[in-house]
1. Name the residues in region 114-128 that are surrounded by 15 or more Cβ atoms within 10 Å (Cβ to Cβ) and modelled with pLDDT of 95 or more, would you?
2. Taking residue 125 and the conditions (1) free of Cβ contacts under 8 Å to residues at least 12 places away in the same chain; (2) more than 20 Å from the chain's Cα centre (by Cα), which numbered condition does it fall short on, given that it satisfies the others?
3. Would you please name the residue that is surrounded by the fewest Cβ atoms within 10 Å (Cβ to Cβ), looking only at residues in region 18-35 that are over 16 Å from residue 63 (Cβ atoms) and not small (Gly, Ala, Ser)?
4. Which residues, counting only those in region 104-119, are under 22 Å from residue 172 (Cα atoms) and either touching a helix residue (DSSP H, G or I) at 6+ places or on another chain (Cβ under 6 Å) or assigned to a helix (DSSP H, G or I) (or both)?
5. What's the number of the only condition in (1) modelled with pLDDT of 95 or more; (2) closer than 26 Å to residue 41 by Cα that residue 92 fails to meet?
6. Where in region 1-96 are there strands (runs of 3 or more DSSP E), lying wholly inside it, with at least 2 residues that are touching a Lys or Arg at 6+ places or on another chain (Cβ under 7 Å)?
7. Let me confirm something: among 98, 104, which residue is at pLDDT 95 or above, polar (S, T, N, Q), closer than 20 Å to residue 152 by Cβ and over 16 Å from the mean Cα position of the chain (by Cα)?
Amino acid sequence: MKKIVFATNNTHKLTEVREILAPQYEIISLAELNCFDEIPETATTLEGNALLKANYIYQKFGVDCFADDTGLEVEALNGEPGVYSARYAGETQDAKANVAKLLNELGDNNNRNACFKTVIALLINGEKTIFEGRIDGRIATMPTGDTGFGYDPVFIPNGYSQSFAELGSEIKNNISHRALAVKKLASHLKTIG
């Protein structure tokens, strides 16, 4: 089983990625590296933030790693919250407050089209590779479901009538933006041995 570091402190993302990449890869968390640094996410793009995090870990620990950044882009809000999705309602990164702000901003707008994007930056021996996953859907008028995290209770992927939070991890981990990006990552890792 190959080991690789996932540069995140988000336990939800860690669990999701471990489920997707098991059993071929052992995903090492930042906590297991004894890294509790708050890695700055100061870029204005998802790719930029993913690269910042991966570079930070690679420079500090000299280990092969990958990092991601994810954003929810809502058509009627000109792509917001986008790169600021985690901090949409403030620096506390409160998921319920983010969802409440999103629903408030959308109001009774009939255009509920949205997409989730995940960008993964991989650094192997200093060589960078980028992977992107995207899923289109719409924003519900109220949160439903109790699995998942973040905006999952209000995001309904195209082709489904339930939110990510209602669909559960088995379905979500096959169709989500993160799953699509992680599957590209896994395919690439297989090609480089």
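1. Residues satisfying the conditions are 114, 115, 116, 117, 118, 119, 120, 121, 122, 123.
2. (1)
3. Here the answer is 23.
4. Answer for region 104-119, where residues must be under 22 Å from residue 172 (Cα atoms) and either touching a helix residue (DSSP H, G or I) at 6+ places or on another chain (Cβ under 6 Å) or assigned to a helix (DSSP H, G or I) (or both): 113, 116, 117, 118, 119.
5. Every listed condition holds for residue 92 apart from (1).
6. Those strands (runs of 3 or more DSSP E) span 25-28, 65-74.
7. Criteria check complete, one pass: 104.
The values are calculated or read from the model by the stated rules, or taken from the named source; none is laboratory data. Just so it is clear, the structure is predicted and the values come from calculations on it, not from any experiment. Neighbour counts run over all protein chains shown; Cβ positions are idealised from the backbone, glycine included.
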